[in-house]
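The values are calculated or read from the model by the stated rules, or taken from the named source; none is laboratory data. Treat the numbers as computed from the prediction; the structure is a model and nothing was measured. Cβ: placed from backbone, ideal geometry, glycine included. Neighbour counts: every protein chain shown. The protein model used for the area step is the full one, side chains on, heavy atoms only, and it has no ligands, DNA or RNA in it. Shrake-Rupley method; radii C 1.70, N 1.55, O 1.52, S 1.80 Å.
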Amino acid sequence: MPHILINNAGIDSKPNGDADQNAPFEDYPQKYWDEVIDTNLTGVMLTTQVIGSKMAEPGRGSIIMVGSMYGLVSPNQALYAYREARDGKPFIKAISYAASKSGLVNMTRYLATYWAKKGVRVNLVTFGGVRTGSFDKEFIDAFLERVPMGRQAEIEEFGPIVHFLGSDASTYMTGANLVLDGGFTAW
């Protein structure tokens, strides 16, 4: 029987992709909404339904949802203004990613209370910006101005929190949201 499930599914609109993926809300195509919601929420729900049910049978398990700071706060469109200045066309961070990641917050709470008496814990880890080298310097500079710690997370900083949630060190924790974002959502 499975003991740990890490729901790390997630897609977002591509900054350099089809312009419609980052269209203003009034013109945002439903096909991109569906694509993101299907992966980030429906896929997580279906996976959790199958694996979580298997965990509930013997009465033990830890489900770790992986969220985003944009599940707690709306994307700050000012972070993306440099793209319009550079490219001459507007860039809007789409609604679908934030909507899907905020859905994980309540999915976590729902499942935590639903399976609590069956010994399955469900918690959420909300990550902020991670240093990957795949973002424009203008974006990173604007982003870091809004992070109290003044830096992005290193990938290695996430492993210990996921390990904690999957271990017996967190057996009395369910329905929690651990935020690792350098303080971005504190302002």
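Give the calculated FRET efficiency between Glu138 and Met173 to the nearest 0.05, with a Förster radius of 45 Å applied to their Cβ-Cβ distance. If you can, show how the numbers build up before the last one.
Numbers: r = 39 Å, r/R0 = 0.87.
The pair Glu138/Met173 has a calculated efficiency of 0.70.
Please state the equivalent ellipsoid semi-axes for the range 1-56: what are the square roots of 5 times the Cα gyration tensor eigenvalues, largest first, in whole Å?
On the way: eigenvalues 200, 23, 7 Å².
Each semi-axis is the square root of five times an eigenvalue, giving 32, 11, 6 Å.
Using a 10 Å cut-off on Cβ atoms, rank the peptides 118-128, 148-158, 98-108, 1-11 from the highest mean neighbour count down.
Working: 118-128: 22.2, 148-158: 12.6, 98-108: 20.2, 1-11: 15.6.
Packing order, densest peptide first, comes out as 118-128, 98-108, 1-11, 148-158.
What is the spin-label model distance, in nm, from Arg146 to Thr39 if the labels are put 7 Å beyond Cα along the C-beta direction?
Once both label points are built, they end up 2.2 nm from each other.
What is the Å³ per residue value for the convex hull set by the Cα atoms of the chain? If you can, show how the numbers build up before the last one.
Details: hull volume 22.4 nm³, N = 187.
Dividing the Cα hull volume of the chain by its residues yields 120 Å³.
Would you mind working out the accessible area per residue for the chain, using a 1.4 Å probe, and quoting it in Å²?
Working: 10120 Å² over 187 residues.
Result: 54 Å² per residue.
Measure off, as a whole percent, the carbon and sulfur share of the 1.4 Å-probe accessible area of the chain, all protein chains present. Don't jump to the answer; show the numbers that get you there.
Numbers: 5740 of 10120 Å².
Roughly 57 percent, rounded to a whole number.
With a cut-off of 8 Å between alpha carbons and a minimum separation of six or more residues, what is the relative contact order of the range 25-159 in percent? Write out the running numbers ahead of the final one.
On the way: 141 pairs, mean separation 40.9, N = 135.
So the answer I get is 30 percent.
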